[in-house]
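These notes concern the structure reproduced below.
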Amino acid sequence: MEELKYHYKYPHPCVTTDCVIFGFDGTKLNVLLIERGIEPFKGRWAFPGGFLKMDETALQGAKRELKEETGLEDAYIHQFHAFSGVDRDPRERVITIAYFALVRISEVKAGDDAAKAQWFPLDKVPSLAFDHDLILREATNELRRQIHFEPIGFELLPEKFTMTQLQHLYEAILSVKFDRRNFCNKMLKLGILTQLDETLPMPNKKIAFLYKFNPESYNEMKEKGFRLEF
């Protein structure tokens, strides 16, 4: 990067990115946390993040952190808020640009500091460092809001899934319980699922059909206006 020609003489804040990484274990929504090895908040859990490099955008910085912790380069990632509390970081004045990412836990490859990274169910997250409790609340609220307008939940499922797996995912994200038949009918009426000629053995000698998300059908619906209500 070329040396900057002009310099701002007044004090100004540093900029970081933080990435809330969501994963689904088949039953519960989880988040990936990193145990801090240095002060401040040594020994406390926090989201992957760090200071922006001089030659990268906020999105590039968030993707770099995501890759370092999961090994994934093409995961779904979404910027949802900037946090600028004056005293949010005891070291200096820091503004963080927050993202959330949706990953398949089975595809995650631990980073070099894997011993300090751990998945936590959303309802078992400990008290976090900095203002990351607030960041988690805002990320969860944004995920719950966005899932009504975009089928981003499929980013958390295997490529092929059962209707039960899909229902459990939506229940985990929205913290509600759905009637199985009503949920199935609603999802099928949307026309964004393709039923496959494949089944999965289930308890009591039953079988469950496998489905795939149909992005072409969704894109057609999105042009007309899409909102998923339960």
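The values are calculated or read from the model by the stated rules, or taken from the named source; none is laboratory data. Because the structure is a prediction, the values reported are computed rather than measured. Neighbour counts are summed over all protein chains in view; Cβ atoms, including those assigned to glycine, are modelled from backbone coordinates with ideal geometry.
Assorted remarks:
- Yes/no for residue 102 being closer than 22 Å to residue 174 by Cβ, within 15 Å of the chain's Cα centre (by Cα) and at pLDDT 95 or above: yes
- Extreme residue, farthest from residue 134 (Cα to Cα), among residues of segment 1-51 that are among the charged types (D, E, K, R) and touching a Ser or Thr at 6+ places or on another chain (Cβ under 8 Å): 44
- Applying the condition of being of a type in the set (Val, Ile, Thr) and touching a strand residue (DSSP E or B) at 6+ places or on another chain (Cβ under 7 Å) to segment 26-59 and asking which residue is farthest from residue 140 (Cα to Cα) yields 34.
- Criterion (buried (at least 16 other Cβ atoms within 10 Å of the Cβ), part of a helix (DSSP H, G or I) and of a type outside the set (A, V, I, L, M)) met by exactly one of 130, 183: 183
- Strands (runs of 3 or more DSSP E) contained entirely in segment 11-86, each with at least 3 residues that are surrounded by 15 or more Cβ atoms within 10 Å (Cβ to Cβ): 14-24, 29-35, 76-83
- Within segment 133-149, being assigned to a loop (DSSP other than H, G, I, E, B) and either under 19 Å from residue 27 (Cβ atoms) or touching a helix residue (DSSP H, G or I) at 6+ places or on another chain (Cβ under 8 Å) (or both) holds for one residue alone: 147.
- Hits in segment 1-45 (condition: of a type in the set (D, E, K, R) and outside the structural domain of residue 116 (by TED's automatic domain parsing)): 2, 3, 5, 9
Residues checked against (1) under 21 Å from the mean Cα position of the chain (by Cα); (2) over 27 Å from residue 31 (Cβ atoms); (3) touching a residue at least 12 places away in the same chain (Cβ under 8 Å); (4) assigned by TED's automatic domain parsing to the domain that holds residue 23:
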position	(1), (2), (3), (4)
160	yes, no, yes, no
163	no, no, yes, no
184	no, yes, yes, no
191	no, yes, yes, no
194	no, yes, yes, no
200	no, yes, yes, no
204	no, yes, no, no
217	no, yes, yes, no
220	no, yes, no, no
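- Just one of the numbered conditions (1) modelled with pLDDT under 95; (2) surrounded by 16 or more Cβ atoms within 10 Å (Cβ to Cβ) is not true of residue 149: (2).
- The set of residues in segment 155-177 that are within 17 Å of residue 208 (Cβ to Cβ) and assigned to a helix (DSSP H, G or I) comprises 163, 164, 165, 166, 167, 168, 169, 170, 171.
- Residue within segment 91-103 that is without any contact (Cβ under 8 Å) to a residue 24 or more places away in the chain and either outside the structural domain of residue 25 (by TED's automatic domain parsing) or closer than 20 Å to residue 26 by Cα (or both) present: no
- Test for residue 193: is it surrounded by 11 or more Cβ atoms within 10 Å (Cβ to Cβ), modelled with pLDDT of 95 or more, at negative phi and not small (Gly, Ala, Ser): yes
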